[in-house]
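Okay, so here's the structure we're looking at.
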Amino acid sequence: MTAAGVAATGVVALKKFGDLETAGKQLAITAEKTYAEIAPDIEMFRKEGPKIGALPKDMASVAQAFIAAGLTYEQAIGAVIPTVKAAKASFTSLDDAAGAGITTMQNLKVGLNDLETAFDFMIKGGKLGKAEFNEMAGVMPQLAASASKVGEKDLKGLASVVAALEVVRETGATTADSSIHLKDLYEKMQAPDVARHFKKKGVDLEKELKAGDTSGKSRMDTFLDIMQRVTKGDPFRIAEVLHEQQSRDAATTLLKNRDKFNQYRDDIMKNARGTTSTDFVEATNRFDSSVERFVASVDRLMGRFGEAGSSTARGVLDRLSDSMDKSENASKEAGDDLLRDFGALPPKSTWQDPPRRNATPARNPFGSLTDRMKWGGAGQMPGPINPGDLTKRFGSDWMRQGTQQTAGTVQHTINNTNTGNDQRTQSVTVNQTVNGVPGVASAAAEGAKSGLASMGASVAKANSTPTAGSTAP
């Protein structure tokens, strides 16, 4: 194997271990335990997972779902393998299978030891009618919650709920629609308005339902008996006590198929046990299941490798992360400077607080113009002036501002007098004083005088001495 292959294998191994560790941490936090306390159960998932074609991290997630629903940690760990087997046997998602298992334990009060049998009942019931377990599992949480309100519980109550769903499904469009109709019927069986409708028919619904409990009958059986006696199965009479269509449709279907409802329920109670195990063997006797078991075995092996090297790799990765963070910060600074050079970012702020009153003014680093024209104190010419980037020092408009400033401090007055016969008298007055230095004005005057002389011999030159001045700002 090449070095690159070894490195890739190492990364995969570390990732496998990291995924399992994350799932374990989530389980520990949900269960309010330490990772050390749940470590034996994580190890059990590693050993049992390949046997049933499940990844240990997925098994840990199933346990977490049971705990999050309010079951104990011990119940959750014990429910994992039955739930995974039921999902594999019926080609149902783990999430839906876990939801069905949770509701049977939580709402219908099925014990942990009977959980696999509960899955047997649901999978067997799915084979009797149209609502197979992979569809039933998704609607069972809402359906069982409503059934529990009227007293359905334990495996017997579960068998009744499953059988009723299968019968209602025969006339329903989908399993989801049928479950809504049946759920509404369970709700109406205890609704005050329905009790009043029965009261008008001379029936004390609550009293008769409780009497049925005493005789060992299920609430569904008692309610259907009352409905048959009061309505004779007539849809118009049924509508007088059940005003909503969904509950009315479910009741009508169950009354018409009462024998099938009883048959389904009896079949589930007598013949369902062992269905999950039998179907699991058959469902996993295929190529894809072999692949799943192989993948689970590889996952376990790679997880072991990853666990062995995780402590060393973690230190290395942490150091690399710190180093990369520092490099990124330095690169960002350099990148920002480059963007500023191209104008994509504003320049760094050069704001300074204004000088305090009576504070000694800061010395101009360039000095005055007079200072720069003078010799040094020791007879040395001052060093070369390095004004730097004029745009940065004076702004992008420095040339125009300088031109306007110079134009404002130099004034030329030219007077032309025609004396005839090409005799012209011109006078020039130049006023300029820059920082109090008259030499600059004289030099400007001399330049103007030379310009006039070039116009010809007939020009009379005027006085070039500065006559007035203004101080440049």
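What do you reckon, how do R248, R273 stack up by accessible area (1.4 Å probe), largest on top? List each step's numbers first, then the result.
Numbers: R248 55, R273 140 Å².
Of R248, R273, the descending order of accessible area is R273, R248.
If Lys and Arg each add +1 and Asp and Glu each add -1, what is the summed charge of the other residues whose beta carbon sits under 14 Å from the beta carbon of D114? List each step's numbers first, then the result.
Details: positive: K109, K153, K156, R273; negative: E116, D120, D154.
Result for the neighbourhood of D114: +1.
So, in Å, what gap is there between the alpha-carbon centers of segment 62-96 and segment 188-211?
Taking the Cα centre of segment 188-211 as reference, the centre of segment 62-96 is 38 Å away.
Add +1 for every Lys or Arg and -1 for every Asp or Glu among the other residues with Cβ under 11 Å from the Cβ of K201, and state the total. If you can, show how the numbers build up before the last one.
On the way: positive: R196, K199, K200, R229, R237; negative: D204, E240.
Here the count lands on +3.
What list of ³J(HN,Hα) couplings, whole Hz, do you get for segment 53-68 from phi and the Karplus terms 6.51, -1.76, 1.60, once you set θ to phi - 60° and write x for glycine and proline?
Those phi angles translate into x, 10, 7, x, 5, 6, 5, 5, 5, 5, 4, 4, 4, 5, 5, 4 Hz.
Sorting check: for 80-90, 35-45, which peptide has the highest mean count of neighbouring beta carbons within 10 Å, and how do the rest follow?
Details: 80-90: 24.9, 35-45: 15.5.
Highest-to-lowest ranking by the protection proxy: 80-90, 35-45.
For each pair in K210/K260; K57/K85; K130/K260; K130/K217; K210/K270; K153/K199, compute the distance between the two Cα atoms and list the pairs where it is over 23 Å.
Numbers: K210/K260 25 Å; K57/K85 16 Å; K130/K260 13 Å; K130/K217 26 Å; K210/K270 27 Å; K153/K199 27 Å.
The answer is K210/K260; K130/K217; K210/K270; K153/K199.
All other residues with a Cβ under 11 Å from the Cβ of E170 taken together, and with Lys, Arg as +1 and Asp, Glu as -1, what is their net charge? Mind showing how you got there, number by number?
Details: positive: K130, R169, K256, K260; negative: E166.
Net of charged neighbours comes to +3.
Hey, with R₀ at 35 Å, roughly what FRET efficiency would H243 and K127 work out to, going by the Cβ-Cβ distance, to 0.05?
Values: r = 35 Å, r/R0 = 1.01.
Computed FRET efficiency for H243 and K127: 0.50.
The values are calculated or read from the model by the stated rules, or taken from the named source; none is laboratory data. Predicted, not measured: the structure shown is a model, and the values here were computed from it. Neighbour counts are summed over all protein chains in view; Cβ atoms, including those assigned to glycine, are modelled from backbone coordinates with ideal geometry. Heads up: the accessible areas ignore ligands, DNA and RNA and are worked out on the full protein's heavy atoms, side chains in. Shrake-Rupley method; radii C 1.70, N 1.55, O 1.52, S 1.80 Å.
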